[in-house]
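In what follows, a single structure is set out as structure tokens and then discussed.
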Amino acid sequence: AVEALGQNLNRDTFAAIQRGLRDEDASVRLAALGSLERVAPGERLRAVYPLVQDPVRAVRLAAARLLAPLAIETLPAEPRGTLAAAFAEYEEANKTIADRPGSLMTLANFYRDRGNTELAEATYREAMARHPTFGPAFVNLADFYRSRGQDKQGEQVLRAALGTVP
């Protein structure tokens with residue numbers, strides 16, 4: 001229920017989400033994090049930051065993913081160091097299971113959100129090369145190009161997908 005609150009954010013629903021972020025049940029905390037997808041990254045910081053040190057790894061990783069778009073170099077030293085450690089844990093967790101196409105794509109999205117466009121592009125391409133029938137990698141790379149105003153390259157990626165994705 002708390003995850004659905006993110007579809008209709010207002011003062012009351014946000015207060016309920018914040019209570020969910022502090023719930024003793026890790027699955028409720030995870031759902032509350034999932035409800036914050038539509039909240040601007042800068043506005044997420046205050047609510048999400050405490051969860052990058054949650055005792056449950058899945059909660060820490062979800063919090064790190066939500067905060068990935070933040071420019072941590074603009075933050076004070078303490079949260080900067082904590083977030084850098086959380087980002088490193090997130091990256092390592094996804095590298096550990098990088099034989100799965102979804103993990104490679106998730107890692108590429110993380111690099112994109114962190115502003116590392118070269119590594120994001122390379123990781124999308126790695127996902128496509130390792131798993132040529134995994135359509136989401138093609139779509140995400142095409143969208144990555146679109147967001148950078150490189151529609152021709154995005155079109156080429158989608159046309160290549162037509163030949164390999166059922």
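The values are calculated or read from the model by the stated rules, or taken from the named source; none is laboratory data. Being a predicted model, the structure only gives us computed values, none of them experimental. Don't worry about glycine lacking a Cβ; one is built from the backbone with ideal geometry, like all the others, and counts go over all protein chains shown. When the accessible area is computed, the model is the full protein with side chains, heavy atoms only, and any ligands, DNA or RNA have been set aside. Shrake-Rupley method; radii C 1.70, N 1.55, O 1.52, S 1.80 Å.
For the pair residue 46 and residue 155, how long in nm is the line joining their label points, each one 7 Å along Cα→Cβ?
Here the modelled spin labels are 4.6 nm apart.
Taking only protein heavy atoms and a 1.4 Å probe, what accessible area per residue, in Å², does the chain have with all protein chains in place? Each step should come with its number before you reach the end.
On the way: 9150 Å² over 166 residues.
Each residue of the chain exposes 55 Å² on average to a 1.4 Å probe.
Taking Rg and Dmax of the Cα atoms in Å as the quantity of interest, determine which of (1) 16.3, 50; (2) 17.1, 49; (3) 14.7, 42 was computed from the displayed structure.
Of the listed options (1) 16.3, 50; (2) 17.1, 49; (3) 14.7, 42, (2) comes from this structure.
Using a 1.4 Å probe on the protein chains only, how many percent of the accessible area of segment 99-157 belongs to carbon and sulfur? Present the calculation step by step, with values, prior to reporting the outcome.
Details: 1420 of 3060 Å².
The value for segment 99-157 is 47 percent carbon and sulfur by accessible area.
Tally Lys/Arg at +1 and Asp/Glu at -1 over every other residue whose Cβ is under 10 Å from the Cβ of residue 131; what's the total? Don't jump to the answer; show the numbers that get you there.
Values: positive: 100, 130; negative: 99, 126.
That works out to 0.
Using a Gaussian network for the chain with springs between C-alpha atoms less than 10 Å apart, which of these wobbles most: 18, 150, 53?
Maximum among the listed residues: 150.
For segment 1-85, what class follows from the C-alpha gyration tensor (a ≥ b ≥ c being the square roots of its eigenvalues): rounded when a/c is under 1.5, otherwise prolate if a/b is larger than b/c, else oblate? Write down the numbers at each step before the final one.
Working: a/c = 2.21, a/b = 1.43, b/c = 1.55.
The shape class here is oblate.
How large is ³J(HN,Hα) for each residue in segment 13-26, as worked out from phi by the Karplus curve 6.51 cos²θ - 1.76 cosθ + 1.60 (θ = phi - 60°), to whole Hz, x for Gly and Pro?
Listing the rounded values in order: 5, 5, 4, 5, 5, 4, 5, x, 5, 9, 5, 6, 8, 4 Hz.
Between residue 98 and residue 147, what is the label-point separation in nm under the 7 Å Cα-to-beta-carbon projection?
With each label point 7 Å from Cα toward Cβ, the separation is 2.0 nm.
Between residue 38 and residue 164, how high is the FRET efficiency from 1/(1 + (r/R0)^6) when r is the Cβ-Cβ distance and R₀ = 30 Å? Nearest 0.05. Before the final figure, lay out each step's value.
Working: r = 33 Å, r/R0 = 1.09.
Efficiency, rounded to the nearest 0.05: 0.35.
What FRET efficiency comes out for the pair residue 10/residue 78, r = Cβ-Cβ distance, R0 = 35 Å, nearest 0.05?
Numbers: r = 32 Å, r/R0 = 0.90.
Efficiency computed from Cβ-Cβ geometry: 0.65.
Output the peptides 95-105, 121-131, 72-82 sorted from most to least packed, where packing is the average of other Cβ atoms within 10 Å over each peptide's residues. Spell out each step's value before the answer.
Working: 95-105: 15.5, 121-131: 19.1, 72-82: 11.7.
Sorting 95-105, 121-131, 72-82 by mean packing, highest first, produces 121-131, 95-105, 72-82.
I need the shape label for segment 79-166. Rule: rounded when a/c is under 1.5, else prolate if a/b > b/c, else oblate, with a, b, c from the alpha carbon gyration tensor. Intermediate values should be presented prior to the final figure.
Working: a/c = 3.62, a/b = 1.58, b/c = 2.29.
The shape class here is oblate.
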